Amino acid sequence: MEINILVVDDDQDMRMLLENYLKKLEVEKIHFTDTAQKTYEFLKLNGLKTEPVVDLIILDIILGEENGIEICRKIKRHPAYQEVPVIMITAQKELEYLKEAFAAGAMDYLKKPIIKIEFMARVNSAIRLRKETKARIEREKELLQLSEELKKANQKLEKIALVDGLTGISNRRLFDKTIKKELKRARRKNSDLALIMIDIDNFKEYNDTYGHQQGDQCLKEVASVLDKKTKRAADFAARYGGEEFAVILPDTAKDGALKIAEDIRKGIMNLKLEHQNSAVSDYVTVSLGVSSIKAEKDVNQEMIKTLIEKADQALYQAKENGKNQVVYKSFE
Amino acid sequence: MSKNKVYIDPDLEFLIPQFLENREEDIQRLKKLLQESEFDQIIIIGHSLKGSGGGYGFDYLTEIGSKIEKNAEAKNKEEIKNLISELKNYLDNIEIIYEDQ
């Protein structure tokens, strides 16, 4: 760890003496200034940077007509230097100023004339303190960065946990959350809510004929149609499981839901995905079951279950009726 | 003539010629400042001498620096004049011995 030191002293002989001693310590660079102004400029006290220019400041308490205590106070007021130790150097007569010096933020003081052993020992302990402080600041930074990364990773995980890996649309877990949330909202706003359950016709035959990779591709294309047909912000499409999908339409009653369901059915046909072994068409088709509800009671698990059941029954009916069609079943 | 023996840390040996040269300059400046009665400047030189002298091992310089500072505060011209020649006399008869204490 590199340690840089600033010596603020207007006496050339003192500067030379201190430099000679400091060179013997584990110090990277020794800088000198001899006036308050030059010191402020060197330390970049006017800047907003939070990285200090040096790690230790040795400051004469009297610089000609300038006051070292005032310099110390100014340095210490800057956020970058709050943890940088300042050692004041003072002549015997100036001991009365020491109280002020400590109040201004100095951590230690040395009396003139400088005694080598004392100087080295005190500077060394200041350097040790600074090294520990730097190591701590470094650890804090690392921790902060780690927690930031963890947060990002968590957000990513959260997203992964709610998205269907194959099709990229929402998964069953998010569907369960969303249907509950939207039902509650419908209850609050006293509005309608529609649910469409969608199943690909003869999907087993499709897989048997074209293989599972092509089957996956088919699922992706169907999902992308659902994604496109649920354009309003609150509309929601999810992969419910296997070849089954679900669409939640807030603020939508029977007629609106049937229209969108029909739109989806046509959209799938328009994909013109070849399906030689379909019972109903040369292309991939879907059957859709629609139900809708006006939530007049408080939302409970039973209500959610029933809505899904009704849509499922409608879907079953659509299959029974010959597939590639939309069937509605009312909630009541 | 008996020399003023001063024992100095060998670590500082290379700094001593410059240090002594600076003291010669001090003497010239002090003489000039005294003529001009610039006591504030004399105080600063006395103060510096007091501060650095002992640090190098010249305890006598710290002592005399302190005296110069005090007498300049009191604007005591005659005494300062004596101190300057005392300082010059001291420096002219100095014998430095580099030795670990």
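A few notes on this one:
- Verdict on residue B:45 being in contact with a Lys or Arg (Cβ under 8 Å, 6 or more places away or on another chain), hydrophobic (A, V, I, L, M, F, W, C), modelled with pLDDT of 90 or more and buried (at least 17 other Cβ atoms within 10 Å of the Cβ): yes
- Residue within the range A:94-107 that is modelled with pLDDT of 90 or more and within 14 Å of chain B (Cβ to nearest Cβ) present: no
- Selection status of residue A:216, open to solvent by 20 Å² or more (accessible area, probe 1.4 Å), assigned by TED's automatic domain parsing to the domain that holds residue A:179 and more than 33 Å from the chain's Cα centre (by Cα): no
- From the list B:16, B:44, the lone residue that is under 24 Å from residue A:110 (Cα atoms), out of contact with any helix residue (DSSP H, G or I) (no Cβ under 8 Å at 6 or more places or on another chain) and in a helix (DSSP H, G or I) is B:44.
- Evaluating residue B:9 against the criteria (1) touching a strand residue (DSSP E or B) at 6+ places or on another chain (Cβ under 9 Å); (2) touching a residue at least 60 places away in the same chain (Cβ under 8 Å); (3) among the charged types (D, E, K, R); (4) open to solvent by 50 Å² or more (accessible area, probe 1.4 Å) leaves one unmet condition, (4).
- Top-ranked residue in the range B:13-42 [being touching a residue at least 60 places away in the same chain (Cβ under 8 Å) and over 14 Å from residue B:85 (Cα atoms); ranked as most open to solvent (accessible area, probe 1.4 Å)]: B:13
- Given (1) closer than 22 Å to residue B:52 by Cβ; (2) surrounded by 16 or more Cβ atoms within 10 Å (Cβ to Cβ); (3) away from chain B (no Cβ under 14 Å), index of the condition residue A:164 fails: (1)
Here's the yes/no breakdown for (1) modelled with pLDDT of 95 or more; (2) more than 23 Å from residue B:58 (Cβ to Cβ):
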| position | (1), (2) |
| --- | --- |
| A:10 | no, no |
| A:53 | no, yes |
| A:60 | no, no |
| A:85 | yes, yes |
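- Residues in the range A:20-29 that are away from chain B (no Cβ under 14 Å), at pLDDT 90 or above and assigned to a loop (DSSP other than H, G, I, E, B): A:27, A:28.
- Residue A:17 being within 13 Å of another protein chain (Cβ to nearest Cβ) and either among the charged types (D, E, K, R) or touching an Asp or Glu at 6+ places or on another chain (Cβ under 6 Å) (or both): no
- Residue tally, condition within 21 Å of residue A:178 (Cβ to Cβ), open to solvent by 40 Å² or more (accessible area, probe 1.4 Å) and touching a strand residue (DSSP E or B) at 6+ places or on another chain (Cβ under 6 Å), over the range A:295-328: 2
- Of the criteria (1) open to solvent by 10 Å² or more (accessible area, probe 1.4 Å); (2) in contact (Cβ under 8 Å) with a residue 24 or more places away in the chain; (3) touching a Phe, Trp or Tyr at 6+ places or on another chain (Cβ under 7 Å); (4) closer than 20 Å to residue A:211 by Cβ, which one residue A:272 fails: (2)
- Within the range A:54-70, the residues that satisfy the criterion of being away from every other protein chain (no Cβ under 14 Å) and closer than 19 Å to residue A:126 by Cα are A:54, A:55, A:56, A:57, A:69.
- Checking each residue in the range A:224-241 for being open to solvent by less than 40 Å² (accessible area, probe 1.4 Å) and without any contact (Cβ under 8 Å) to a residue 40 or more places away in the chain picks out A:230, A:235.
- Here the range A:108-130 is the region considered, the condition is being away from every other protein chain (no Cβ under 14 Å) and surrounded by fewer than 16 Cβ atoms within 10 Å (Cβ to Cβ), and the residue that is nearest to the chain's Cα centre (by Cα) is A:128.
The values are calculated or read from the model by the stated rules, or taken from the named source; none is laboratory data. Everything numeric in this text was worked out from a predicted model, so none of it was measured. A quick note on method: Cβ atoms are made from the backbone with ideal geometry, for glycine too, and the neighbour counts reach across all protein chains shown. Quick note on the areas: whole protein, heavy atoms, side chains included, nothing else; ligands and nucleic acids left out. Shrake-Rupley method; radii C 1.70, N 1.55, O 1.52, S 1.80 Å.
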